[in-house]
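Have a look at the structure below, then the notes.
The values are calculated or read from the model by the stated rules, or taken from the named source; none is laboratory data. Small disclaimer: the values here were computed from a predicted structure and weren't measured. Note that each Cβ is placed from the backbone with ideal geometry, even for glycine, and that neighbours are counted across all protein chains shown. Quick note on the areas: whole protein, heavy atoms, side chains included, nothing else; ligands and nucleic acids left out. Shrake-Rupley method; radii C 1.70, N 1.55, O 1.52, S 1.80 Å.
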Amino acid sequence: IRVPENSNRQCKIMTLGEAKSIAKSGQNIFIKPFDIKLFTGFVLDQMIHTSISNIPDETRVMVYDVFSSPIKSEFRCYIHRNRVEDVRNYAGDLFYSPDEEYLNQVIDSNKSKFPTAYTIDIGILESGENVVIEYNDMWAIGNYGIPNDTYLKLLKDRYFEIVR
């Protein structure tokens, strides 16, 4: 079970071997496993990445272009019934926060296709631009500091949506 899209950016699905070939040619790309939680997504470049050294080259990955400038701060936005329940910084500068209008536009674009509870990871680039890093289904998300009763409510609603 997964959310209908991993990001609002264009995605290509290919094998890990094909992605490695692209990176070897000098083009940095962001990869994430097609099979959920097989490994953590990261920017694949010409370096040796031990996190995928034992992953077969036939493994399918989702491939994205890297962002136009470096990420300055990252936030996990907990969405419940098309409303923001909580927003937590999980990496980078704490003194930035996602643009509320941008976040609401992203939520509005997901209304008809996304489950009752999910998260949106928003990045704030050095350029100041807000971007969707990825979407995650609530069943697979940890608590990044939101109140436990809120976290449980989102998990519970998503669980009963899945088992229906």
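Can you give me the relative contact order of region 63-134 as a percent, contacts being Cα pairs under 8 Å and 6 or more apart?
39
So for region 69-108, what are the equivalent ellipsoid semi-axes in whole Å, largest first, each being the square root of 5 times an eigenvalue of the Cα gyration tensor?
20, 12, 7
From the helices alone, meaning DSSP H stretches of at least four residues, give me the mean residue ellipticity at 222 nm for the chain, per-run term -39500 (n - 2.57), in deg cm²/dmol to the nearest 500.
Mean residue ellipticity at 222 nm (helix-derived): -7000 deg cm²/dmol.
Can you tell me the length gained on complete extension of the stretch Thr50 to Asn148, counting 0.36 nm per residue apart and subtracting the Cα distance?
31.8 nm
Tell me, how many Å apart are the Cα centres for region 56-103 and for region 9-32?
20
Would you mind telling me the share, in percent, of accessible area of the chain contributed by carbon and sulfur at probe 1.4 angstrom?
Roughly 49 percent, rounded to a whole number.
May I ask for the angle, rounded to the nearest 10°, between helix 100-110 and the longest principal axis of the chain, with both axes built from Cα atoms and the value confined to 0 to 90°?
With both axes taken from Cα atoms, the answer is about 80 degrees.
I want to check the label-to-label distance for Thr116 and Leu155. Put each point 7 Å from Cα in the C-beta direction and report it in nm to one decimal.
In this crude spin-label approximation the distance works out to 1.6 nm.
Quick one: compute the contact order of the chain, relative version, from alpha carbon pairs under 8 angstrom and 6+ residues apart, as a percent. Mind showing how you got there, number by number?
On the way: 274 pairs, mean separation 36.5, N = 164.
After rounding, I find 22 percent.
What lysines does Lys20 reach when the alpha-carbon gap must be under 30 Å and sequence neighbours fewer than 8 apart in one chain are set aside?
Those lysines meeting the cut-off are Lys12, Lys32, Lys37, Lys72.
Could you give the Stokes-Einstein D for region 69-164 in µm² per second, using the C-alpha Kirkwood radius, 4 °C, 1.567 mPa s?
For these conditions, the coefficient is 95 µm²/s.
Please work out the average accessible area per residue across region 26-164, using the 1.4 Å probe convention, and give it in Å².
That works out to 56 Å² per residue.
For region 58-137, which trypsin sites (Lys or Arg not before Pro) pass both filters: DSSP loop (anything but H, G, I, E, B) and at most 11 other C-beta atoms within 10 Å?
Arg81, Lys111, Lys113
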